[in-house]
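Below is one structure; the comments refer to it alone.
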Amino acid sequence: MAARKLPVVALTGPTATGKSSAAISIADHFAIEVINSDSRLFYQGMDIGTAKPSVADRAATPHHLLDTLEPHKTMSLAQFQDQATALIGEIHARQRLPIIVGGTQQYINAVVEGWKMPRVPPQPELRNRLQCEADEHGREALLARLERLDPVAATSVGLNTRRIIRALEVIAVTGRPISEQQGKGPVPFVPHLIALTMPRDLLYQRIDARVHDMIEAGLVDEVRALLANGIS
């Protein structure tokens with residue numbers, strides 16, 4: 001008999017809909033651990049501007065993938081998928097409920113839909129060279145090259161220069177079309193997706209209030225500190 005798959009909750013929604021607060025409320029009723037999927041909350045020194053969960057909330061409920069990166073580093077989609085999937089297994093082993101919380105939907109989808117993707121790290125020199133070609137000859141020239149090497153990928157990337165460069169980068173490193181290395185597979189858990197929403201006028205009021213609170217809390221000084229450290 002196949003092992004019973006355990007649940008994973010993914011809590012998403014636009015900025016200021018109350019995702020983090022909702023997760024903390026759930027913690028009042030269930031034994032949970034939070035896996036952050038907001039791409040800006042990975043970074044150290046970006047606390048106010050990202051509305052990072054408070055120290056008190058993090059002490060009361062375990063949070064993962066917060067403050068894991070220095071601002072000049074990056075978290076690739078594949079890295080997030082690997083780390084989040086490993087954390088889900090660890091949290092289940094502790095007999096707790098994993099809740100993925102954040103507004104970066106692509107990260108959530110990669111985990112709960114079992115995306116398959118090439119494990120090719122960024123190649124800075126190659127990317128810079130391709131970007132220079134795009135600047136000089138237009139991104140259409142890069143797209144034409146991709147059409148020759150991987151027609152399937154060329155139809156899906158559109159005129160997004162970053163995606164065109166990524167496809168060419170993967171082909172250069174692996175020698176295979178990127179489209180052959182993508183897809184979806186089974187996941188070892190049962191995902192439950194919750195999307196928060198609210199009327200637009202109320203959402204805008206909440207965003208305005210949040211920005212005001214951020215400025216009062218020292219957002220300007222936080223940005224100055226990042227700029228002073230070469231982060232822009």
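Computed from the coordinates by the stated procedures, all read-outs in this text should not be read as laboratory data. Nothing here was measured: the structure is a model prediction, and the numbers come from that model. Don't worry about glycine lacking a Cβ; one is built from the backbone with ideal geometry, like all the others, and counts go over all protein chains shown.
Please report, in cubic angstrom per residue, the volume enclosed by the convex hull of the alpha-carbon atoms of the chain. Please list the in-between numbers first.
Numbers: hull volume 38.8 nm³, N = 232.
Normalising the Cα hull of the chain by residue number yields 167 Å³.
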If you place +1 on the Cβ of every Lys and Arg, -1 on the Cβ of every Asp and Glu, and leave all else neutral, what size is the dipole of the range 124-181 about its Cα centre, to the nearest 20 Debye? 140 debye
Rg and Dmax [Cα atoms of the range 175-232; Å; Rg one decimal, Dmax integer]: 21.0, 52
Apply the Karplus curve 6.51 cos²θ - 1.76 cosθ + 1.60, θ = phi - 60°, to the phi angles in the range 22-38 and return the couplings in whole Hz, x for Gly and Pro. 5, 4, 5, 5, 4, 5, 6, 10, 9, 7, 10, 9, 9, 10, 5, 10, 8
If you take the beta carbon distance between residue 4 and residue 123 as r and set R0 to 41 Å, what does 1/(1 + (r/R0)^6) give as a FRET efficiency, to the nearest 0.05? 0.45
Would you work out the charge dipole size for the chain about its Cα centre, treating the Cβ of every Lys and Arg as +1 and the Cβ of every Asp and Glu as -1, and quote it to the nearest 20 debye? 700 debye
Please figure out what share of the DSSP beta bridges in the chain is antiparallel and state it in percent, rounded to the nearest 5. 10 percent
Of 134, 56, 86, the most mobile residue in a GNM of the chain (C-alpha springs, cutoff 10 Å) is 56
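Using the per-residue mean of other Cβ atoms lying within 10 Å as a proxy for protection, in what order, highest first, do the peptides 28-40, 101-113 fall? Could you put the intermediate results ahead of the total?
On the way: 28-40: 18.5, 101-113: 20.0.
Taking the mean over residues of other Cβ atoms within 10 Å, the ranking is 101-113, 28-40.
Note the per residue figure in Å³ for the convex hull of the C-alpha positions in the range 81-143. Kindly include the intermediate steps, with their values, before the conclusion.
Numbers: hull volume 7.9 nm³, N = 63.
Given the Cα convex hull of the range 81-143, per-residue volume reads 126 Å³.
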Rounded to one decimal in nm, the spacing of the 7 Å Cα→Cβ label points at residue 210 and residue 181 is 3.5 nm
With a cut-off of at most 15 other beta carbons within 10 Å, and DSSP calling the residue loop, which trypsin sites (Lys or Arg not before Pro) in the range 154-232 qualify? Please list them. none
Under a straight-distance cross-link criterion of Cα-Cα below 22 Å, which lysines are reachable from residue 52, leaving out those fewer than 8 residues away in the same chain? 19, 73
In Å, what is the Rg of the alpha-carbon atoms in the range 124-181, and how long is Dmax? 10.2, 30
In deg cm²/dmol and to the nearest 500, what is the mean residue ellipticity at 222 nm of the chain if only DSSP H runs of at least 4 residues count, each as -39500 (n - 2.57), divided by the residue total? -15000 deg cm²/dmol
Charge dipole (the range 1-102, unit charges on Cβ, about Cα centre) - positive-most of 27, 43, 75: 27
